[in-house]
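Worksheet for the structure shown next.
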């Protein structure tokens, strides 16, 4: 089973069954229900880029984090640029504002909440149970072509002695191959990065559709993560308009979901 939706205090969010029962580990992926935003951002919009009112976005983030038993004061966000830079999160970066440009975060510090935005792109959740370290990566096609999941694993190895074969990975809801038509330049980008063998796509005539989830899964297995330790969501953000925002479906004037992940000391937070 790769999907589990949970509703707490009116806030609906996705969790990976593989990760949700691990003591001291918090994670979730927001859906679009239960917030205060209106219009095309209705209702639990987590992002500022589409043009929503900042006060609504910050309140939505608070509602989502509180539903998970977390504090917005400990949230670390980055300016996502569709690259492959990995940043180590610490308390100095905490707060609801976006900070340095990067597309992935790692930490072994308990009490820090990692946050990544998405509106179709894959988010990868990493948990190293041996060294008690976590990571989140924003993997759109550009980040995937650059191997952002592999870069995150390298960073966790350098910082925390993480071994890929011990790591558990959850893959968030994202646009699925049924709805993700791409042009030749996307295929070329994978070839230029030497990742064409990992690319999972289907070509019918001039039409090409990309499977971002499966491409990331193949990359991670090649990097040493065990196949049985990778769990992918079956939800397509484009198909499920009632649950998720979608940049590809709705255009620039739409909301964003947020992926979060955190480690906690015993009793630090109360799961709600």
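Looking at (1) over 10 Å from the mean Cα position of the chain (by Cα); (2) free of Cβ contacts under 8 Å to residues at least 60 places away in the same chain, which is the one condition that is false for residue 137?
Exception for residue 137: condition (1).
Within region 42-59, is there a residue that is within 23 Å of residue 162 (Cβ to Cβ) and either in contact with a strand residue (DSSP E or B) (Cβ under 7 Å, 6 or more places away or on another chain) or crowded, with 19+ Cβ neighbours inside 10 Å (or both)?
As a first pass, look at region 42-59 and keep what is within 23 Å of residue 162 (Cβ to Cβ): none.
No; the residues of region 42-59 include none that is within 23 Å of residue 162 (Cβ to Cβ) and either in contact with a strand residue (DSSP E or B) (Cβ under 7 Å, 6 or more places away or on another chain) or crowded, with 19+ Cβ neighbours inside 10 Å (or both).
Go through the residues of region 127-136 one by one and say whether even a single one is on the phi > 0 side of the Ramachandran plot, surrounded by 22 or more Cβ atoms within 10 Å (Cβ to Cβ) and modelled with pLDDT of 95 or more.
no
Filter region 229-262 down to the residues that are assigned to a helix (DSSP H, G or I) and under 30 Å from residue 111 (Cβ atoms) and list them by number. Break it down into steps so the answer makes sense when it comes.
We begin by selecting, within region 229-262, every residue assigned to a helix (DSSP H, G or I); these are 229, 247-250.
229, the sole residue that qualifies.
Under the condition of being assigned to a loop (DSSP other than H, G, I, E, B) and touching a residue at least 60 places away in the same chain (Cβ under 8 Å), which residue from region 23-38 is nearest to residue 236 (Cα to Cα)?
Initially, region 23-38 is screened for residues assigned to a loop (DSSP other than H, G, I, E, B), giving 23-24, 31-38.
Retained after the next criterion (residues that are touching a residue at least 60 places away in the same chain (Cβ under 8 Å)): 24, 31-33, 37.
Numbers: 24: 29, 31: 12, 32: 14, 33: 16, 37: 22 Å.
Result: 31.
Here is a list: 89, 158, 108. Which entry is crowded, with 24+ Cβ neighbours inside 10 Å and on the phi < 0 side of the Ramachandran plot? Break it down stepwise before answering.
On the way: 158 fails: crowded, with 24+ Cβ neighbours inside 10 Å; 108 fails: crowded, with 24+ Cβ neighbours inside 10 Å.
That would be 89, the only listed residue that is crowded, with 24+ Cβ neighbours inside 10 Å and on the phi < 0 side of the Ramachandran plot.
From the list 100, 87, which one is in a strand (DSSP E or B), at pLDDT below 95 and under 19 Å from residue 142 (Cα atoms)?
100
Give the residue that is surrounded by the fewest Cβ atoms within 10 Å (Cβ to Cβ), with candidates limited to residues of region 191-211 that are assigned to a helix (DSSP H, G or I) and touching a helix residue (DSSP H, G or I) at 6+ places or on another chain (Cβ under 6 Å).
So, considering only residues that are assigned to a helix (DSSP H, G or I) and touching a helix residue (DSSP H, G or I) at 6+ places or on another chain (Cβ under 6 Å), the one surrounded by the fewest Cβ atoms within 10 Å (Cβ to Cβ) is 196.
If you scan region 117-145, which residues turn out to be assigned to a loop (DSSP other than H, G, I, E, B) and either farther than 23 Å from residue 241 by Cα or out of contact with any helix residue (DSSP H, G or I) (no Cβ under 6 Å at 6 or more places or on another chain) (or both)?
Our first condition is that a residue be assigned to a loop (DSSP other than H, G, I, E, B); within region 117-145, this holds for 119-121, 129-132, 140.
Within region 117-145, 121, 129, 130, 131, 132, 140 qualify.
Residue 50 is checked against (1) outside any strand (DSSP E or B); (2) modelled with pLDDT of 95 or more; (3) in contact with a helix residue (DSSP H, G or I) (Cβ under 8 Å, 6 or more places away or on another chain) and fails just one. What number does that condition carry?
It is condition (2) that residue 50 fails.
The values are calculated or read from the model by the stated rules, or taken from the named source; none is laboratory data. Keep in mind that what you see is a predicted model, and the values were worked out from it rather than measured. Heads up, the Cβs are rebuilt from the backbone with ideal geometry, glycines too, and the neighbour counts pull from every protein chain shown.
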